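One structure is given here, and the rest of the page talks about it.
Just so it is clear, none of the values below were taken in a lab; they were calculated from the coordinates. Remember, it's a predicted structure, so these values are computed and weren't measured experimentally. Here the Cβ is made from the backbone with ideal geometry for all residues, glycine too, and neighbour counts use every protein chain on show.
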Amino acid sequence: MCVLAASLGALLVGCLFPQDDTLLDDVPRFMNRPPRIIETLVAPQERIIRDFGGSRCELAFEVAVEDPDVDDRIKVHWFIDYNPQDPRGPYREIPLTNNGEARRPDRGTLRINLASANSELSTPGQHLVEALVSDAELTERQPESRVVNLPDGGTIIDPGFVVSYAWVVNTVPGNCR
């Protein structure tokens, strides 16, 4: 019985699988990670703004952003009353400064003044103001992925990301004009 166990142990040691000895030239890069809107730094803090135009005529919408991928180009795409049945591009796009740190030094800011001509929020009623923060180009509000070539000749899909924050604004007739 001992001889059988010893023979079996020797047989298992003798069946080694060949190992790949190819060394990596570079450390593989991380897959893209999503940016994040820092909700404690969003302005205005209230998501439902009542009586815009009654007591105040100007609003500043702001988002602060961080992205663990410090080399990503971050843009804030502002949409007002987006209608998927009649899609239009963003009302405004604001690229954020890249300072080499996760938290971007500037904010994506959209100022709306009801006294200005053709103000997007001047029509009385409810409006939706959205900030879409993306680390990739957007096509119909969807982030584009990138194809990354690998050293071994293969490819991978590196996804782009978009995150959003929204406010509902109720515009009322007032003395802003």
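Using only the Cα atoms of the stretch 45-177, build the gyration tensor, take square roots of its eigenvalues as a ≥ b ≥ c, and label the shape rounded, prolate or oblate: rounded if a/c is under 1.5, else prolate if a/b is larger than b/c, else oblate.
Working: a/c = 3.35, a/b = 2.13, b/c = 1.57.
It is prolate, given that a/c is not under 1.5 and a/b is the larger ratio.
Give the distance, in whole Å, between the Cα centre of the stretch 111-153 and the Cα centre of the stretch 46-106.
7
Using the charge dipole of the stretch 56-177 (Lys, Arg: +1 at Cβ; Asp, Glu: -1 at Cβ; taken about the Cα centre), state which of Asn98, Leu128, Gly153 has its Cα farthest towards the positive end.
Farthest towards the positive end: Leu128.
What is the ratio of the Cα radius of gyration of the stretch 53-97 to 2.2 N^0.38 Å, where N is its residue count, to two decimals?
Working: Rg = 14.4 Å, N = 45, 2.2 N^0.38 = 9.3 Å.
Compared with the compact-globule rule of thumb, the stretch 53-97 sits at 1.54.
If a paramagnetic tag sat 7 Å from the Cα of Val172 along the Cα-Cβ line, which residues of the stretch 30-52 would have the backbone N under 14 Å from that point?
Flagged as within label range: 49-52.
Check Ala102: other-chain or 5+ apart residues with amide H under 5 Å from its amide H, H built from backbone geometry?
Distant-sequence amide H within range of Ala102: zero hits.
Taking the stretch 98-162, how much of its Cα-Cα pair set, in percent, is spaced more than 17 angstrom apart?
Details: 1379 of 2080 pairs.
The proportion of pairs with Cα distances above 17 Å equals 66 percent.
Using each residue's phi in the stretch 82-93, evaluate 6.51 cos²θ - 1.76 cosθ + 1.60 at θ = phi - 60° and report the 3J(HN,Hα) Karplus result to the nearest Hz, with x for Gly and Pro.
5, 10, x, 6, 9, x, 10, x, x, 5, 7, 10
Between Asp152 and Asp69, with labels modelled 7 Å along Cα→Cβ, what's the label distance in nm to one decimal, could you check?
Using points 7 Å along Cα→Cβ, the separation is 2.2 nm.
Evaluate the distance, in nm, between pseudo-label points positioned 7 Å from the Cα of Ser116 and of Arg47 along their respective Cα→Cβ axes.
2.6
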